[in-house]
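Here is the structure we will look at, set down as structure tokens.
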Amino acid sequence: MVENYASYSAPQQVYLTRMSLKITYFGHACFSVQLAGKTVLFDPFIRQNELAKHVDVSTVTADYILISHAHFDHLADALEIAQRCNAVIISNYEIAEWFAKQGVKVHHMNHGGKWKFKFGGVKYVAAVHTSSLPDGSYGGNPGGFVIESEEGNFYYSGDTALTMDMQLIPLTCAPLTTALLCIGDNFTMGIDDAVHAAQFVKCNKVIGVHYDTFGYIKIDHEAAVKKFAASGIELLLPAIGETIEIV
Ligand code: NI
Ligand code: MN
């Protein structure tokens, strides 16, 4: 039997561009990611962070500022940066509205909703925590974010307890490149629960956030890395001001 190769075509030459997530850590739960030429900043809290004194807030830029919940340690520098950079604040309805009243650009979201921005998709997901704004006004319910982009996909938990809702993320979102999880305990998940969270979201590369800033949340870095490693998960703890690249 003679095979017919008439329809055979050589595999197309594919030039793969090595896409990666470039993440700069600014301390506590604040970090920025470069996506599609935009700077996406999360939970800015720098000026009041004793551990981030070497970071000059006036050099921190953003095209978009994503805020997980209303606590001061997640938004203290947001207004200043948004005004200087003409950035869009993305958060839940109540937080976005609070910033809109102060004259900055906002995009309102709420739990379970997804929107395609110029830099990628954003889904606002559940978190178990509390959320009131610095002036005492209602901040809606707290959340986290799943970002889907050309550079990679990631989950930022915000402040949260370990919750079964995290299991919905791998069911409903693209596979994650990395997960930024709170690990400091007392106010949020601690290390043991964050290991379960990484397993719930099916991600074996975790960047720890929300630790060391205050007395109650100081952690033993080496012990934390070992605990994650025992479950086959890599825990990264970048220095404040450091930029890491995740492929
Ligand atoms: Ni909080
Ligand atoms: Mn917090």
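The values are calculated or read from the model by the stated rules, or taken from the named source; none is laboratory data. These figures come from a predicted structure and were not determined experimentally. Cβ atoms come from the backbone with ideal geometry, glycine included; neighbour counts cover every protein chain shown. Quick note on the areas: whole protein, heavy atoms, side chains included, nothing else; ligands and nucleic acids left out. Shrake-Rupley method; radii C 1.70, N 1.55, O 1.52, S 1.80 Å.
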Report task. Give the residue that is nearest to ligand 1 (Cβ to nearest atom), with candidates limited to residues of segment 110-131 that are in contact with a strand residue (DSSP E or B) (Cβ under 7 Å, 6 or more places away or on another chain) and open to solvent by 60 Å² or more (accessible area, probe 1.4 Å). Result -> HIS111
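Here is a yes/no grid of residues against (1) under 16 Å from PHE145 (Cα atoms); (2) aliphatic (A, V, I, L, M):
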| site | (1), (2) |
| --- | --- |
| PHE72 | no, no |
| ASP77 | no, no |
| ILE81 | no, yes |
| ASN86 | no, no |
| SER91 | yes, no |
| ILE95 | yes, yes |
| LYS101 | no, no |
| VAL122 | yes, yes |
| ALA126 | yes, yes |
Query raised in the report: Can we say ALA70 is of a type in the set (A, V, I, L, M), touching a Leu at 6+ places or on another chain (Cβ under 7 Å) and part of a loop (DSSP other than H, G, I, E, B)?
Result: yes
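Can you report the number of residues in segment 51-78 which are away from ligand 1 (no atom under 16 Å from the Cβ) and either among the polar types (S, T, N, Q) or open to solvent by less than 40 Å² (accessible area, probe 1.4 Å) (or both)? Quick ask: steps written out before the conclusion?
Within segment 51-78, the subset away from ligand 1 (no atom under 16 Å from the Cβ) is 51-65.
In the following step, the residues that additionally are either among the polar types (S, T, N, Q) or open to solvent by less than 40 Å² (accessible area, probe 1.4 Å) (or both) were identified as 52, 55, 57-62, 64-65.
Of the residues in segment 51-78, 10 are away from ligand 1 (no atom under 16 Å from the Cβ) and either among the polar types (S, T, N, Q) or open to solvent by less than 40 Å² (accessible area, probe 1.4 Å) (or both).
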Query raised in the report: Does LYS202 count as within 16 Å of ligand 2 (Cβ to nearest atom) and of a type in the set (Lys, Arg)?
Result: no
**Report entry** Tabulated pairs, segment 91-118, first within 25 Å of THR172 (Cα to Cα), second charged (D, E, K, R) and assigned to a strand (DSSP E or B), C-beta under 6 angstrom, 6+ apart or interchain
**Finding:** LYS114/LYS123
